[in-house]
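One structure is given below, encoded as structure tokens.
The values are calculated or read from the model by the stated rules, or taken from the named source; none is laboratory data. Since we're looking at a predicted model, the values are computed, not measured. Positions of Cβ are backbone-derived with ideal geometry, glycine not excepted, and every protein chain shown enters the neighbour counts. The accessibility values were calculated without ligands, DNA or RNA, using every heavy atom of the protein model including side chains. Shrake-Rupley method; radii C 1.70, N 1.55, O 1.52, S 1.80 Å.
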There are 2 protein chains.
Amino acid sequence: MTSSDQNVLREDLPLPLCVLRAGALERNVARFQRYAESRGVLLSPHAKTAMSPALFGRQLAAGCWGLTFATCAQLQVARRHGVSRVFYANQLVGAAEIRYVCSELRRDPHFDFYCLVDSVPGVRLLAERVAAADPGRPVNVLVEGGLAGGRCGVRDVGTAVAVAEAVRAAAPHLALAGVEGFEGLARHQDSSRRESEVRDFLAFLVRIAETLDGRGLLQAGPVLLSAGGSAFYDMVIDQLTTARLSRPHQVLVRSGCYLTEDWGAYASLQDELQRRTGSAGPALEPALEVWAQVLSAPEPELVILSAGRRDFGQDAGNPVALTHVRRGTDQCRPLRDSGWQMTAVSDQHAHMTVPAGHGAEVGDLVALGPSHPCTTFDKWRVVHLVDDDYNIIETASTCF
Amino acid sequence: MTSSDQNVLREDLPLPLCVLRAGALERNVARFQRYAESRGVLLSPHAKTAMSPALFGRQLAAGCWGLTFATCAQLQVARRHGVSRVFYANQLVGAAEIRYVCSELRRDPHFDFYCLVDSVPGVRLLAERVAAADPGRPVNVLVEGGLAGGRCGVRDVGTAVAVAEAVRAAAPHLALAGVEGFEGLARHQDSSRRESEVRDFLAFLVRIAETLDGRGLLQAGPVLLSAGGSAFYDMVIDQLTTARLSRPHQVLVRSGCYLTEDWGAYASLQDELQRRTGSAGPALEPALEVWAQVLSAPEPELVILSAGRRDFGQDAGNPVALTHVRRGTDQCRPLRDSGWQMTAVSDQHAHMTVPAGHGAEVGDLVALGPSHPCTTFDKWRVVHLVDDDYNIIETASTCF
């Protein structure tokens with residue numbers, strides 16, 4: 001949908017609005033793709049971030065290998081929108097989920113699908129359900145390695161071997177395509193300790209891959225080694241490309257948040273990455289904003305905005321105040337260092353503690369910059385792509 | 001949509017799922033309506049909780065006065081679904097919002113609409129925009145009283161008078177229909193201090209109403225006094241019905257969460273209410289559950305489920321584990337006192353710390369009980385109404 005006669009600052013649409021700066025978005029898509037290619041790795045962006053077919057299309061057009069998803073509901077959206085190669089970065093367990101995947105594999109010979117396994121009971125359950133659903137070809141699985149205290153994934157090489165042997169025993173229903181992990185769960189507050197935790201974890205994934213390869217447990221054909229959220233993809237590439245396997249392998253990264261970056265957690269992680277790499281990472285720009293309106297200024301140092309926890313994520317911190325626009329004008333006053341702070345949040349309101357003499361009046365507009373794009377996108381059924389003057393140039397649906 | 005051949009426990013649908021126990025829901029709707037009627041007050045449920053037209057319909061059929069909403073997007077959903085009386089429990093500020101309200105007032109003579117004002121500049125802006133949009137009749141407004149340090153609303157009676165005078169000066173575009181406040185922002189941790197904060201605030205609202213009445217600032221016709229979230233509606237009714245005005249007035253409560261109750265914050269608040277009233281409140285039952293699947297049990301005391309922060313709210317605490325169902329059976333084992341705890345959450349996963357020997361296996365189902373229904377409903381595009389055996393008897397859309 002194109003609707004070029006609408007402008008955010010002119011209040012052509014009810015607020016709040018979720019806005020994507022189109023220029024930044026397009027540059028991020030191109031730059032991250034180019035970065036992956038220059039490093040010789042495959043990119044399968046985690047498309048759960050925005051769940052927007054219009055954005056899937058941009059990532060695929062830029063040349064990514066496929067798209068990554070985490071749930072069956074997400075996969076169904078992808079398939080309805082013609083996505084043919086899916087990295088399902090999750091265990092595939094449920095009966096209805098497995099029936100769906102198998103029916104798609106049977107229906108469409110071009111559907112290329114990969115999912116994860118991390119336990120012998122999980123492999124047996126998957127194999128039994130795949131056998132019953134009869135997709136006509138094996139389901140590709142990767143052994144997931146996990147961080148201690150983290151999420152899914154085997155915690156030691158011995159279990160990885162047992163899981164891989166269970167996959168071999170489940171032929172022809174399953175085929176072992178590689179090894180996977182998610183390093184983004186590393187939890188140390190201190191960044192250098194976090195980096196060493198990530199490094200150890202990536203070395204563990206390489207050890208699993210080399211062991212399974214040495215035992216002949218990986219299927220014929222190219223092998224995938226995959227990790228890489230949006231925080232440590234440089235380290236993932238550095239380490240996974242060093243695996244010494246007896247057959248060709250490809251490293252696959254799955255960052256999702258690069259699409260829009262953010263104004264909090266991922267901005268900091270990106271700064272750390274640029275520091276770590278001597279600025280060799282892609283130059284990403286924050287593209288996601290939530291625009292709200294001043295509803296009330298009931299106390300000298302309190303301003304209430306018309307967007308709340310149903311409009312932006314808070315799991316990685318509250319959004320920051322970006323911009324103030326006096327009602328009826330298009331003059332954007334930067335708020336980043338002006339002392340505006342979101343100190344409380346209701347379902348539909350943000351409570352901003354502001355300096356006395358803040359200059360905002362009822363009806364003025366304020367842009368907020370969220371931290372962690374995933375949990376802001378999922379609050380919206382449409383996001384508006386805007387040009388630099390906040391003209392709406394495209395309205396993209398999300399399919400959560 | 002009726003789909004009676006599907007069952008949650010049988011894994012007929014991909015997980016996770018948002019489930020409403022239909023029996024509990026229907027009883028809550030009837031009991032709360034009966035309670036309001038027995039206390040002689042009007043009920044305008046806050047329908048932002050679920051934003052589901054199928055549930056609007058049940059509340060209206062039970063006899064509620066109207067429905068309450070908080071944003072223009074919500075109001076548009078209500079109007080598309082034929083809701084004719086709306087209490088807009090928010091300041092009405094934006095140009096597009098005001099144009100929309102006025103066009104609906106002009107289009108439909110049966111549309112009965114009330115919104116809030118809390119400042120002289122806000123009244124002037126609203127009046128100017130209403131005048132430009134020409135709805136053909138006044139927009140009804142209530143003066144909002146606010147808690148110090150809270151959200152919108154005047155902080156003293158003098159400002160309330162100034163706002164009401166501005167409304168009178170804005171005739172015939174605006175008409176003053178009453179006084180409103182939201183007591184649910186009272187913040188004291190200690191429940192008895194919180195109750196006294198609520199009591200003081202309600203007395204403040206009564207003082208505003210009596211003052212505006214004494215000065216002849218309220219419009220002719222019945223006057224509305226409104227407060228009442230889901231925590232203190234008993235106190236709201238006790239106190240607002242004591243206002244001594246020169247003309248007939250009605251107390252309007254706006255609870256939303258009574259529809260489904262919850263398993264955390266609102267369950268505790270409801271317990272407090274029953275204690276306070278000697279069990280004279282309506283007997284509400286928790287109706288909302290999120291069903292997920294065991295994806296992995298990677299460590300002896302760690303179980304990973306297939307639902308995360310994109311599937312349930314966390315703003316009032318993580319969900320509790322309710323029920324464990326062994327895959328392939330319909331035997332529900334209660335988990336409330338079994339030591340299962342959600343100790344970490346990812347976008348699409350819950351990390352459950354469990355006792356060793358927890359008895360759960362990959363593929364088993366687990367029901368989660370959220371705290372604060374609003375922020376779980378808004379994660380879903382459909383919710384499934386189930387009977388006591390978890391047969392799906394209706395699938396209701398949400399319109400966030």
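Evaluate the relative contact order of segment A:237-362 (contact order divided by residue number), counting alpha-carbon pairs under 8 angstrom at least 6 apart; express in whole percent.
Worked out over segment A:237-362, it gives 22 percent.
Sorted from greatest to least, the principal axis extents spanned by the alpha carbons of segment A:1-141 come out as 58, 39, 27 Å. When the P(r) is computed for segment A:178-313, the part past 24 Å accounts for 46% of the Cα-Cα pairs. Each other residue within a Cβ distance under 10 Å of A:LEU116 adds +1 if Lys or Arg and -1 if Asp or Glu, for a net charge of -3. A simple charge model with +1 on the Cβ of Lys and Arg, -1 on the Cβ of Asp and Glu and nothing else charged puts the dipole of segment B:18-152 at about 400 debye relative to its Cα centre. Only helices enter this figure: runs of n ≥ 4 DSSP H residues, each worth -39500 (n - 2.57), summed and divided by the residues of the protein assembly as shown, yield -9500 deg cm²/dmol at 222 nm to the nearest 500. Sorted shortest first, the distances from the B:ARG336 label point to those of the same residue in the other copies are 5.1 nm; each point sits 7 Å from Cα along Cα-to-Cβ.
What does the charge add up to near B:GLU104, with Lys and Arg as +1, Asp and Glu as -1, over the other residues with Cβ less than 15 Å from its Cβ?
Value of the local net charge: +4.
Counting, for every residue in B:139-148, the Cβ atoms of other protein chains within 10 Å of its Cβ and taking the mean gives 1.
How high is the FRET efficiency from A:SER84 to A:SER38, r the C-beta distance, R0 22 Å, rounded to 0.05? Calculated value: 0.30. For A:VAL345, the amide hydrogen comes within under 5 Å of the amide hydrogens of A:HIS351, counting only partners 5 or more places away or on other chains and with H modelled in the peptide plane. A point 7 Å from Cα along Cα→Cβ stands in for B:THR395, and the other copies hold the same point at 2.6 nm, listed in rising order. Heavy atoms of chains B and A lose about 4800 Å² of accessible surface on contact, summed over both sides with a 1.4 Å probe. Compute the Cα gyration tensor for the protein assembly as shown, then decide on rounded, prolate or oblate, letting a ≥ b ≥ c be the square roots of its eigenvalues: rounded whenever a/c is under 1.5, prolate when a/b is larger than b/c in the other cases, and oblate in all that remain. Judged from the Cα gyration tensor, the protein assembly as shown comes out prolate (a/c at least 1.5, a/b above b/c). This model, with +1 at the C-beta of Lys and Arg and -1 at the C-beta of Asp and Glu, gives segment A:272-400 a dipole about its Cα centre of some 240 debye.
Rounded, prolate or oblate: which fits segment A:66-155, taking a ≥ b ≥ c as square roots of the Cα gyration tensor eigenvalues, rounded meaning a/c under 1.5, else prolate when a/b beats b/c? Oblate is the answer for segment A:66-155, as a/c is 1.5 or above yet b/c matches or exceeds a/b.
From the P(r) of segment A:251-388, can you give the percent of Cα pairs sitting at distances over 18 Å? Value for segment A:251-388 (Cα pairs over 18 Å): 57 percent. Note on A:GLN341 and B:GLU26: their simple-model spin labels are 5.2 nm apart, each label 7 Å out from Cα toward Cβ.
Residues of segment A:113-138 that lose at least 20 Å² of accessible area (1.4 Å probe, protein heavy atoms only) when the other protein chains are present, relative to their chain alone, are A:ASP118, A:LEU125, A:ARG129. Here A:LYS379 is the anchor, and the aspartates and glutamates within straight C-alpha reach of less than 12 Å, apart from those fewer than 8 places off in the same chain, are A:ASP311, A:ASP347, B:ASP311, B:ASP378.
Got a number for carbon plus sulfur as a percent of chain A's accessible area, 1.4 Å probe? C and S fraction of accessible area: 48 percent. The ellipsoid that matches the Cα gyration tensor of segment A:51-97 has semi-axes, each √(5λ) in whole angstrom, of 20, 11, 8, with the longest given first. Take the Cα of A:ASP389, go 7 Å toward its beta carbon, and the backbone nitrogen atoms of segment A:1-42 under 15 Å from that spot belong to A:4-12. Just so you know, the Rg over Rh for segment A:237-332 is 1.17, from Cα atoms, with Rh as the Kirkwood radius. Between rounded, prolate and oblate, where does chain B land on the alpha carbon gyration tensor, with a ≥ b ≥ c its root eigenvalues, rounded for a/c under 1.5, else prolate if a/b exceeds b/c? Because a/c hits 1.5 or more and a/b exceeds b/c, chain B counts as prolate.
With Cα atoms defining each centre, segment B:300-346 and segment A:81-116 are spaced 26 Å apart in the structure.
Which value, in debye to the nearest 20, gives the size of the charge dipole of chain A about its Cα centre, when Lys and Arg are +1 and Asp and Glu are -1 at the Cβ? Dipole magnitude for chain A comes out near 1280 debye. Counting every pair of alpha carbons in segment A:108-264, the share spaced more than 19 Å apart comes to 54 percent. Ranked from largest, the principal axis spans of the Cα set of segment B:169-250 equal 45, 23, 19 Å. Please find the FRET efficiency linking B:ASP330 to B:GLN189, where r is the Cβ-Cβ separation and R0 is fixed at 45 Å, and quote it to the nearest 0.05. Computed FRET efficiency for B:ASP330 and B:GLN189: 0.60. Based on C-alpha pairs under 8 angstrom that are at least 6 apart in sequence, chain A has a relative contact order of 22 percent.
For A:GLN293, the residues 5 or more places off, or on other chains, whose built amide H falls under 5 Å of its own are A:SER306, A:ALA307, A:VAL366.
For B:MET235, the solvent-accessible surface computed with a 1.4 Å probe is close to 10 Å², ligands and nucleic acids excluded. Which positions within segment A:265-303 get 10 Å² or more of their accessible surface covered by the other protein chains, compared to the chain by itself, with a 1.4 angstrom probe? Buried-area filter returns A:GLN293, A:LEU295, A:SER296, A:PRO298, A:GLU299, A:LEU302. Accessible surface computed residue by residue for chain A, with neighbouring protein chains in place and a 1.4 Å probe, gives 35 Å² per residue. A cut-off under 10 angstrom between Cβ atoms defines the neighbours of A:SER226, and their net charge, with Lys, Arg +1 and Asp, Glu -1, is -1. Just checking the listed ones, B:GLN74, B:GLN331, B:GLN274: in the Gaussian network model of chain B with Cα springs under 10 Å, the one fluctuating most is B:GLN331.
Distances between placed amide hydrogens fall under 5 Å for A:VAL251 paired with A:LEU42, A:LEU225, all partners being 5 or more residues away or on another chain. Across segment B:117-252, Cα pairs under 8 Å and at least six residues apart give a relative contact order of 23 percent.
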